[in-house]
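One structure is given below, encoded as structure tokens.
The values are calculated or read from the model by the stated rules, or taken from the named source; none is laboratory data. Note that the coordinates shown come from a computational prediction; the quantities given were computed from them, not determined experimentally. Because the Cβ atoms are built from the backbone with ideal geometry, glycine has one as well, and the counts that use them run over all protein chains shown.
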Amino acid sequence: MKAVLPVYLDYFFYNNMNELIDGNFTVVGKVIKVVNDEEDNINLFRNTGFKLFRQEALDKMFNSFEINMDNEIEIPKISSKINKPSLLVLPIAIYT
């Protein structure tokens, strides 16, 4: 199961979220969405201007990043939607 946690820079010490880039953390939060259906998903662009784009346009844009890419650089597949099983969790506290 995947969990998506929206975080905002204003709530970090010194407005720096580098502390959360890698590691194991405990999260206390409220589950605001549960995705169990094939038709449902969590859109990672839901609070951005990208949510106005159709999925086909986003897929075309992301696929263009892979064309003629240097083989020395490993770029992971970019996904804008998280399918089932997944949770959208509003974090109240994140700590180690």
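Among the residues of the range 13-63, those identified as in contact with a strand residue (DSSP E or B) (Cβ under 8 Å, 6 or more places away or on another chain) and either of a type in the set (Lys, Arg) or on the phi > 0 side of the Ramachandran plot (or both) are 30, 33, 51.
If you go through the range 1-46 and keep only what is in contact with a Phe, Trp or Tyr (Cβ under 8 Å, 6 or more places away or on another chain) and among the polar types (S, T, N, Q), you end up with just 26. Inspect all residues belonging to the range 64-84 and state whether any of them is touching a residue at least 40 places away in the same chain (Cβ under 8 Å), outside any loop (DSSP other than H, G, I, E, B) and touching a strand residue (DSSP E or B) at 6+ places or on another chain (Cβ under 8 Å). Checking the range 64-84: at least one residue is touching a residue at least 40 places away in the same chain (Cβ under 8 Å), outside any loop (DSSP other than H, G, I, E, B) and touching a strand residue (DSSP E or B) at 6+ places or on another chain (Cβ under 8 Å). Of 46, 54, all but one fail to be modelled with pLDDT of 85 or more and in contact with a Pro (Cβ under 9 Å, 6 or more places away or on another chain); the exception is 46. Among the residues of the range 16-36, those that are surrounded by 10 or more Cβ atoms within 10 Å (Cβ to Cβ) and either at pLDDT 90 or above or in a helix (DSSP H, G or I) (or both) comprise 19, 20, 25, 27, 28, 29, 31, 32, 33, 34, 35. Could you check, for the range 64-76, whether at least one of its residues is out of contact with any Leu (no Cβ under 9 Å at 6 or more places or on another chain) and on the phi > 0 side of the Ramachandran plot? The answer is yes; a qualifying residue exists. When 66, 39 are checked against the criterion of being surrounded by fewer than 10 Cβ atoms within 10 Å (Cβ to Cβ) and farther than 14 Å from residue 5 by Cα, 39 stands alone in meeting it.
Does residue 93 qualify as being exposed (fewer than 12 other Cβ atoms within 10 Å of the Cβ) and either part of a loop (DSSP other than H, G, I, E, B) or among the aliphatic types (A, V, I, L, M) (or both)? Taking the combined requirement at face value, the residue satisfies it.
Within the range 50-96, the set of residues being within 29 Å of residue 10 (Cβ to Cβ) and among the small types (Gly, Ala, Ser) comprises 79, 80, 86, 93.
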